[in-house]
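Below: one structure, written as C-alpha cells.
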Amino acid sequence: MSENEKPGISAAIIVDDGKVLMVRRAVKEGELMWQFPAGAIEAGETAEEAAVRETLEETGLTVTAVKLLGERVHPKTGRLMSYTAADAIEGEAHVADDEELDAVAWIAHSEIAEYVPYGLFEPVQEYLDGVLPH
C-alpha cells in the first residue's frame, strides 16, 4: 500500500501546567508505546483540526491548535505525520476511547526520554524545550 493511500496522521502536542500530555496505545505500533494524542486526518480536515478532534475523542480534553510544528514521514511507521502545538481549554485528560488507549499521563520535560527512548521529532523537542521547565 502506498503512502498516498493511507491518510496522514496528526498529533497534538498539548502543554499544560508545565507538562506535556502523552497517551499509551492499547495496541502498540511496534516500539511506539507512549505517544501524543493522534489519529488519521479525515477528508476536508486540516492537520490542526484533526489534532484537536482526535484529542477530544481519545482523551476528552478540549484543546485549541496553536501552530503546526512540522511534518515528516515517521521513521518507525512510515506514515506521514503532522505535529500541532495545542493548548488545553477545558476538561480533564482521561482515557475516553478505551479501544484505542489504556493510559494517559502528563509528563515533565525530564521524563520524556523514559516515555520516548528513541527521541522526539526535532521540531517537537525544540518546542517542548522552549515551553517546559527543565
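The values are calculated or read from the model by the stated rules, or taken from the named source; none is laboratory data. The structure displayed is predicted, hence computed values, not measured ones. No Cβ is skipped: glycine too gets one built from the backbone with ideal geometry, and neighbour counts run over all protein chains shown. Only protein heavy atoms, including side chains, enter the accessible area calculation; ligands, DNA and RNA are left aside. Shrake-Rupley method; radii C 1.70, N 1.55, O 1.52, S 1.80 Å.
Listing for the model above:
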quantity: Condition met for Leu101 (closer than 24 Å to Lys6 by Cα and free of Cβ contacts under 8 Å to residues at least 24 places away in the same chain); calculated: no
quantity: Filter result for Ala105 (among the small types (Gly, Ala, Ser) and out of contact with any Gly (no Cβ under 9 Å at 6 or more places or on another chain)); calculated: yes
quantity: Conditions (1) at negative phi; (2) in contact with a Ser or Thr (Cβ under 6 Å, 6 or more places away or on another chain); (3) small (Gly, Ala, Ser): number failed by Ala88; calculated: (2)
quantity: Given (1) of a type outside the set (Asp, Glu); (2) part of a strand (DSSP E or B); (3) without any contact (Cβ under 8 Å) to a residue 40 or more places away in the chain, number of the condition Ala113 does not satisfy; calculated: (2)
quantity: Residue that is farthest from Ile9 (Cα to Cα), among those in the stretch 97-110 that are at pLDDT 95 or above and open to solvent by 50 Å² or more (accessible area, probe 1.4 Å); calculated: Ser110
quantity: Selected residue [part of a loop (DSSP other than H, G, I, E, B) and either open to solvent by 70 Å² or more (accessible area, probe 1.4 Å) or touching a helix residue (DSSP H, G or I) at 6+ places or on another chain (Cβ under 7 Å) (or both)] from Lys76, Lys67; calculated: Lys76
